[in-house]
Amino acid sequence: MSEVRKVGVLGCGLMGGGIAQVCATAGFETVVREADSGPLERGMASINRSLDGAVRRERISAEDREAIGARLHPTTNLEDLAECDIVIEAVTEDLALKQQVWADVDGIVQPGAIFASNTSSLTIAAMASSTGRADRFVGLHFFNPAPAMRLVEVVRTVTTSDETFEGTMEFARALGKEPIAAKDHSGFIVNLLLIPYLLDAIRAVERGVASIEDIDAGMRLGAAHPMGPLTLADFIGLDTLNSIAENLLAEHHEPRYGSPPLLRRMVLAGMYGRKSGMGFYDYSADPPTVAQLGL
Ligand code: CAA
């Protein structure tokens, strides 16, 4: 893999925006692409708020913030990714959509560039095969919030070349992250363990084992997790959690990955957690209060 100078990020939502911020902060020219201008503007506003906060907390200087801003190039035009050395995809977790986006960029981006998907539970091989560069295709899985979480999983599928894998590990280190190697096995390492834990916490709510607050306090205070499982489920997004569980169940056929009925109903009701304002907690209050779930 040749030296990375320019990075492309597909998607400027929660993850894509965070990843673009990480790349520009690490010194890379970063083109971030959303299909529509509304979501792109909202994503950039969120990156700008985060960077301004870092200046206020004296984590970066005002000059650094200016330089990072100048390295970020928002666009709705896929052609602007043509010169990128690596493209990181963070669009919605929908395989057909991701395959289409990859097929589109494959015809635009220089042939030597690496393609990396931030998918959390879809199969890397299924995306690699929608491009003509399956040997240069890899998984690069960040954690939310991307600027704050040190880990990335670098995921190798059956077609990934040694050069692509090593180059991506090196790139992750250049981002200031701690990469770990995982195989193309749905859930990789972290979600394989984390998702059943979160689903079990929701099952505990369903069974009336304890209150929402006490389940969260139990894991925060008894296991020193920074967030309890129900707060974390709201933070990830209950719709996202539900779709990751569905992907894991389809791959592994193990009941532990099945979505609890309560989770499915909350998603059907539009209760997506923090991003929709309502999940296991009600975010219209500050601090958030426990939601009334009618259990
Ligand atoms: N964007 C950017 N930076 C953020 C941030 C955000 N949304 N939220 C927090 N941070 C940064 C803060 O700026 C702060 O940075 P500095 O130390 O440089 O000032 C740092 O994180 C700590 O933040 P706070 O002091 O405000 O708050 P905290 O100590 O309560 O930490 C937290 C917040 C980092 C989110 C912490 O609660 C935490 O680690 N929670 C667990 C998060 C987690 O498990 N994420 C993984 C989710 S699973 C996933 O992402 C994979 C998947 O596929 C589903």
Near pairs, Cβ below 7 angstrom, 6+ apart or cross-chain, from segment 141-165 (over 15 Å from Ala20 (Cα atoms) and open to solvent by less than 10 Å² (accessible area, probe 1.4 Å)) to any residue that is among the polar types (S, T, N, Q) and within 12 Å of the ligand (Cβ to nearest atom): none
Search result, residues across segment 196-239 that are farther than 25 Å from Glu254 by Cα, assigned to a helix (DSSP H, G or I) and away from the ligand (no atom under 13 Å from the Cβ): Ile212, Glu213, Asp214, Ala217, Gly218, Leu221, Gly222
Pairs where the first residue, in segment 252-279, is modelled with pLDDT of 95 or more and the second is among the basic types (Lys, Arg), C-beta under 7 Å, 6+ apart: Pro260/Arg203
Options Glu79, Glu83: the member that is open to solvent by 50 Å² or more (accessible area, probe 1.4 Å) and under 19 Å from Ser37 (Cβ atoms): Glu79
Residue satisfying all of: in segment 268-284; at negative phi and open to solvent by less than 30 Å² (accessible area, probe 1.4 Å); nearest to the chain's Cα centre (by Cα) among these: Gly279
Search result, residues across segment 5-17 that are surrounded by fewer than 22 Cβ atoms within 10 Å (Cβ to Cβ) and in contact with a strand residue (DSSP E or B) (Cβ under 7 Å, 6 or more places away or on another chain): Arg5, Lys6
Residue that is nearest to the ligand (Cβ to nearest atom) [pool: residues in segment 70-85 that are in contact (Cβ under 8 Å) with a residue 24 or more places away in the chain and in a helix (DSSP H, G or I)]: Arg71
Ala182 being within 14 Å of the ligand (Cβ to nearest atom), open to solvent by less than 40 Å² (accessible area, probe 1.4 Å) and either part of a helix (DSSP H, G or I) or without any contact (Cβ under 8 Å) to a residue 60 or more places away in the chain (or both): yes
Criterion violated by Val209 - all others in (1) surrounded by fewer than 19 Cβ atoms within 10 Å (Cβ to Cβ); (2) among the hydrophobic types (A, V, I, L, M, F, W, C); (3) under 23 Å from Phe142 (Cβ atoms) satisfied: (3)
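So that you can scan it fast, the table gives a plain yes or no per residue for (1) assigned to a helix (DSSP H, G or I); (2) open to solvent by 10 Å² or more (accessible area, probe 1.4 Å):
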| position | (1), (2) |
| --- | --- |
| Ile19 | yes, no |
| Ala24 | yes, no |
| Val32 | no, no |
| Met44 | yes, yes |
| Glu58 | no, yes |
| Arg65 | yes, yes |
| Val87 | no, no |
| Val91 | no, yes |
| Trp102 | yes, no |
Answer from Pro287, Pro255, Pro229 - the residue that is exposed (fewer than 13 other Cβ atoms within 10 Å of the Cβ), within 23 Å of Ala148 (Cβ to Cβ) and either within 24 Å of the chain's Cα centre (by Cα) or of a type outside the set (D, E, K, R) (or both): Pro287
Residue that is farthest from the ligand (Cβ to nearest atom) [pool: residues in segment 185-195 that are open to solvent by less than 60 Å² (accessible area, probe 1.4 Å) and part of a helix (DSSP H, G or I)]: Leu192
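The values are calculated or read from the model by the stated rules, or taken from the named source; none is laboratory data. Treat the numbers as computed from the prediction; the structure is a model and nothing was measured. All Cβ positions, glycine included, derive from the backbone under ideal geometry; neighbour counts span all protein chains shown. Ligands, DNA and RNA are excluded from the accessible area calculation, which covers all protein heavy atoms including side chains. Shrake-Rupley method; radii C 1.70, N 1.55, O 1.52, S 1.80 Å.
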